[in-house]
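The values are calculated or read from the model by the stated rules, or taken from the named source; none is laboratory data. Small disclaimer: the values here were computed from a predicted structure and weren't measured. Using ideal geometry, Cβ is built from the backbone for each residue, glycine included, and neighbour counts are taken over all protein chains shown. With ligands, DNA and RNA removed, areas are computed over all heavy atoms of the protein, side chains included. Shrake-Rupley method; radii C 1.70, N 1.55, O 1.52, S 1.80 Å.
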Amino acid sequence: MDMLTTILNLLVPPLTIIFLFLFYPFYLLVKLVLYLHKYLRFENVAGKVVLITGASSGIGEHVAYEYAKKGACLALVARRKDRLEIVAETSRQLGSGDVIIIPGDVAKVEDCKKFINETVHHFGKLDHLINNAGVFQTVLFEDFTQIQDANSIMDINFWGTTYITYFAIPHLRKSKGKIIVIASGSANIPLPLASIYSASKAALLRFFETLRIELSPDIKITIVLPGVVSTDMTTPHCLEKYGSDFLLSESVSRCAKSIFRGIGRGETYIEEPSWMKWVFVMKNVCPEIVDYLLNYLFVSYLKPYFKRD
């Protein structure tokens, strides 16, 4: 076995470089053709049933509006019933034929089962599941008062998404539907002050990449990797700590429009804003450089706001 490992260590690197050199131009051409094909065959979502978690604000709310404009039927899920009612009414005014709200907590298994059951009972089917519910975190890992406080982040961001997906799969398989998961750019890029949050999003990324293989070809999966978006979840943190919103943040409405377009084209990954994908490339090709820059930004600009007593 050790001999085989030694041989692979010697052969795989040069063979990979040769393969990429010969194959990559052809791969890019195929990608271009597929992109044009997807662009011309945008999915018609009129009358389709879409369940959105975390729909009371932020990305979930604005993605709901994009679907509503195209006549989709919506099941809106979140903990805040009053906010859901406002989003539901706006969605009806924008063109959604039928909207229901289902208040509850994705971190609870029974609530997730209820979300799916009530949606299918009301509409008779489920076409798209938008896994958006999540919570943010800005704290140094060593500053957790109790390490158990980190559990809620993983419970909502990761387990809440896997619970509802589990119950949705049989219905999505019947409709040849889609799962859309809102992960984060921090799943690929280490985000200082958000260690557990980044871990939860990285877990989502790997989980749904694996699930994509398991469920293919019956159910399509789109993984969204947004950068910093100005939402009710992130903006208050920036205002509290720094006195203003993050310079590179993107408006939530613009982000939602890009996500909706990507879903309609059947993209497997959506990086938003699009320049984020080149940061991911740099991270894979020159990880030390990206780590150095992040460390410099953290030490110079962020860490002073989080000094320990």
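Structure notes:
- Filter result (outside any helix (DSSP H, G or I), out of contact with any His (no Cβ under 9 Å at 6 or more places or on another chain) and not polar (S, T, N, Q)) within the range 142-192: F144, K176, V181, I182, A183, I189, P190, L191, P192
- Summed over the range 102-114, residues that are open to solvent by 50 Å² or more (accessible area, probe 1.4 Å) and either among the aliphatic types (A, V, I, L, M) or not in a loop (DSSP other than H, G, I, E, B) (or both) total 4.
- Reported count of residues in the range 252-282, each being at pLDDT below 90 and open to solvent by 40 Å² or more (accessible area, probe 1.4 Å), is 7.
- Residue that is farthest from A194 (Cα to Cα), among those in the range 121-152 that are among the aliphatic types (A, V, I, L, M) and surrounded by fewer than 20 Cβ atoms within 10 Å (Cβ to Cβ): I147
- Answer from H171, H128 - the residue that is in contact (Cβ under 8 Å) with a residue 60 or more places away in the chain and either touching a helix residue (DSSP H, G or I) at 6+ places or on another chain (Cβ under 9 Å) or among the hydroxyl-bearing types (S, T, Y) (or both): H128
- The residue that is modelled with the lowest pLDDT, among those in the range 298-309 that are part of a helix (DSSP H, G or I) and open to solvent by 90 Å² or more (accessible area, probe 1.4 Å), is Y305.
- Condition broken by E43, with the remaining ones in (1) acidic (D, E); (2) over 30 Å from K176 (Cβ atoms); (3) open to solvent by less than 90 Å² (accessible area, probe 1.4 Å) satisfied: (2)
- Test: L15 is part of a helix (DSSP H, G or I), open to solvent by 90 Å² or more (accessible area, probe 1.4 Å) and free of Cβ contacts under 8 Å to residues at least 12 places away in the same chain: yes
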